[in-house]
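Asker: Questions regarding the structure given below will be posed in turn.
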Amino acid sequence: MFKVNVGSTDRILRAIAGVGLIAFAVMWPGMEYQWLGWIGVPVLLIAVLKFCPAYPLFGINTGAKSADVPEAPEG
């Protein structure tokens, strides 16, 4: 499907933020800024799919395995 580019720490933070935003939208439906809570849906979806479409545009990959990351030169 997609190449994994979201690491485990990133996924956990996104999942917490996504669930929190969705809860905000559901629990306070009459608030003026309730629509901001629905931003949590794509945030949670990124956490589930392990792919962020914006990351390749900026060359970011938080899901890199240690074998994919070059070692720093000694000296």
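Asker: Before rounding to the nearest 500, sum -39500 (n - 2.57) across all DSSP H runs of length at least 4 in the chain and divide by the residue total; then give [θ] at 222 nm in deg cm²/dmol.
Answerer: -14000 deg cm²/dmol
Asker: If the only charges are +1 at each Lys and Arg Cβ and -1 at each Asp and Glu Cβ, what is the size of the charge dipole of the chain around the Cα centre, to the nearest 20 debye?
Answerer: I would put it at about 240 debye.
Asker: Length gain on complete extension for the stretch TRP38 to ALA17, per 0.36 nm per residue less the alpha carbon to alpha carbon distance?
Answerer: Computed gain between TRP38 and ALA17 is 6.4 nm.
Asker: Let me ask something else about it. Taking Cα pairs under 8 Å and at least six residues apart, what relative contact order does the chain come out at, in percent?
Answerer: Over the chain, the number comes to 43 percent.
Asker: Once both axes come from the Cα atoms, what is the angle between helix 40-49 and the longest principal axis of the chain, in degrees from 0 to 90, rounded to 10?
Answerer: With both axes taken from Cα atoms, the answer is about 40 degrees.
Readers should treat all values here as calculations from the given coordinates under stated rules, not as data from a laboratory. It should be emphasised that the depicted structure is a prediction, and the values quoted were computed from it without experimental measurement. Positions of Cβ are generated from backbone atoms using ideal geometry, with glycine treated the same way; all protein chains shown enter the neighbour counts.
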